[in-house]
Amino acid sequence: MLHIDRCVCVDCTFAEMRSLAERKKLDFKGISRETNCGMGCGLCVPYIKVMLRTGQTVFDEMLTEADVDREIRDAASEAGGRRSRAQGGESSRHRSAGSAEGSA
Ligand code: FES
């Protein structure tokens, strides 16, 4: 079983990075600048990005940048769906089209 908990190039754990990020209000670039994590082989980059979004600091599966991009797209899509449902189920694109038709 995998146990991925750190940037192996710098030997800095995701828990240490999370603590640093919380203390200094750092984003990915800030963590990378302060620790050099992500500046070596880059394998830790998707884990750091997930850690920043979710707080997770130990992983049992391999992650790639594509996994993270897909997860972010899915979350944005889900949030858009929730927003759309909260507004009566009509998407903003649909409303815009309706407005344009109404003003023509
Ligand atoms: S594991 Fe972080 S740069 Fe290589």
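Bear in mind that the values in this text are calculations on the coordinates, not laboratory data. Just so you know, these numbers come straight off a predicted model, no measurement behind them. Cβ atoms come from the backbone with ideal geometry, glycine included; neighbour counts cover every protein chain shown.
Side notes on the structure shown:
- Other-chain or far-sequence residues with amide H under 5 Å of Cys12's (modelled H): Cys7
- Taking 0.36 nm per residue of sequence separation and removing the Cα-Cα distance, the Ala66/Phe28 pair yields an extension gain of 12.0 nm.
- Dipole magnitude of the range 2-53, debye to nearest 20 (Cβ charges: Lys/Arg +1, Asp/Glu -1, about Cα centre): 240
- Backbone N atoms of the range 59-74 closer than 13 Å to the 7 Å Cα→Cβ label point of Arg53 belong to residues 63-74.
- FRET E, pair Met39, Asp74, Förster distance 30 Å, beta-carbon r, rounded to 0.05: 0.60
- Trypsin sites (Lys or Arg not before Pro) lying in DSSP loop within the range 8-64, provided at most 13 other Cβ fall within 10 Å: Lys25
- Cα gyration tensor shape for the range 1-63, rounded if a/c is under 1.5, else prolate or oblate: oblate
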